[in-house]
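Undergrad: Please find one structure pasted underneath; my questions will follow.
The values are calculated or read from the model by the stated rules, or taken from the named source; none is laboratory data. Predicted, not measured: the structure shown is a model, and the values here were computed from it. Neighbour counts run over all protein chains shown; Cβ positions are idealised from the backbone, glycine included.
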Amino acid sequence: MKRERIIAEVDSVEDAKKIEETVKTGYAESSIETLTIWMGVEEDLASSYERLASKEKDPARRSAYQRLGAESKANIQKLSGIRGSLEELDRERVERIKSLSDTNRPDRS
């Protein structure tokens, strides 16, 4: 199944550079920021569940809070891995933009 193009055909280095910069700021950076915020929420949840578990007298509820806290900590690890991958993609994007900038410089020979 063929998908429709999302962007028009790139016809110049300047067009390519603009698109690469848009991908960097519009997708990579915003995704990293979103994941960082999500990780903060998971950290807050984990500490809240640990606090609830420490105060809970009922063993079943205490166990449930402990499990939820552990799940939030596991989510942080998963999100951290995703963020690391996105950060790597972002660094590569910077190199692509630099490469396009270098390509677009007049020859100084």
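Undergrad: Keeping to region 49-71, report how many residues are under 24 Å from Arg83 (Cβ atoms) and either small (Gly, Ala, Ser) or within 15 Å of the chain's Cα centre (by Cα) (or both).
TA: Within region 49-71, residues that are under 24 Å from Arg83 (Cβ atoms) and either small (Gly, Ala, Ser) or within 15 Å of the chain's Cα centre (by Cα) (or both) number 2.
Undergrad: Considering (1) in a helix (DSSP H, G or I); (2) within 27 Å of the chain's Cα centre (by Cα); (3) not hydroxyl-bearing (Ser, Thr, Tyr), say which one Arg5 fails and leave the rest.
TA: The number of the failed condition is (1).
Undergrad: Still on this structure, please answer the following. Could you list, in sequence order, the residues of region 49-64 that are free of Cβ contacts under 8 Å to residues at least 12 places away in the same chain and either of a type in the set (Val, Ile, Thr) or surrounded by 12 or more Cβ atoms within 10 Å (Cβ to Cβ) (or both)?
TA: Result: Arg51, Glu56, Arg61, Arg62, Ser63, Ala64.
Undergrad: Determine whether Val94 is hydrophobic (A, V, I, L, M, F, W, C) and not in a helix (DSSP H, G or I).
TA: Considered against the rule, which asks whether it is hydrophobic (A, V, I, L, M, F, W, C) and not in a helix (DSSP H, G or I), Val94 comes out as no.
Undergrad: Do any residues in region 65-77 that are closer than 17 Å to Ser54 by Cβ have Cβ atoms under 8 Å from those of residues that are at pLDDT 95 or above and among the charged types (D, E, K, R), where the two are at least six apart or on different chains, and which pairs are they?
TA: Tyr65/Glu50; Tyr65/Glu56; Gln66/Glu50; Gly69/Glu50; Ser72/Glu42; Ser72/Glu43; Lys73/Glu42
Undergrad: Right, something else. Across region 61-90, what is the total count of residues that are β-branched (Val, Ile, Thr) and either under 11 Å from Glu42 (Cα atoms) or modelled with pLDDT under 95 (or both)?
TA: Total meeting the criteria: 1.
Undergrad: Among all residue pairs at least 6 apart or on different chains, which show Cβ distances below 6 Å where the first residue, located in region 89-105, is more than 17 Å from Gly26 (Cβ to Cβ) and without any contact (Cβ under 8 Å) to a residue 60 or more places away in the chain and the second is among the aliphatic types (A, V, I, L, M) and not in a helix (DSSP H, G or I)?
TA: none
A quick yes/no check of all residues on (1) surrounded by 15 or more Cβ atoms within 10 Å (Cβ to Cβ); (2) of a type in the set (Phe, Trp, Tyr); (3) touching a residue at least 40 places away in the same chain (Cβ under 8 Å):
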residue	(1), (2), (3)
Glu4	no, no, no
Asp11	no, no, no
Asp15	no, no, no
Glu20	yes, no, yes
Lys24	yes, no, yes
Ala28	yes, no, yes
Glu33	no, no, no
Thr36	no, no, yes
Glu42	yes, no, no
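Undergrad: Within the bounds of region 40-48, is there any residue that is assigned to a helix (DSSP H, G or I) and over 24 Å from the mean Cα position of the chain (by Cα)?
TA: Within region 40-48 (the criterion being assigned to a helix (DSSP H, G or I) and over 24 Å from the mean Cα position of the chain (by Cα)), the answer is yes, since at least one residue qualifies.
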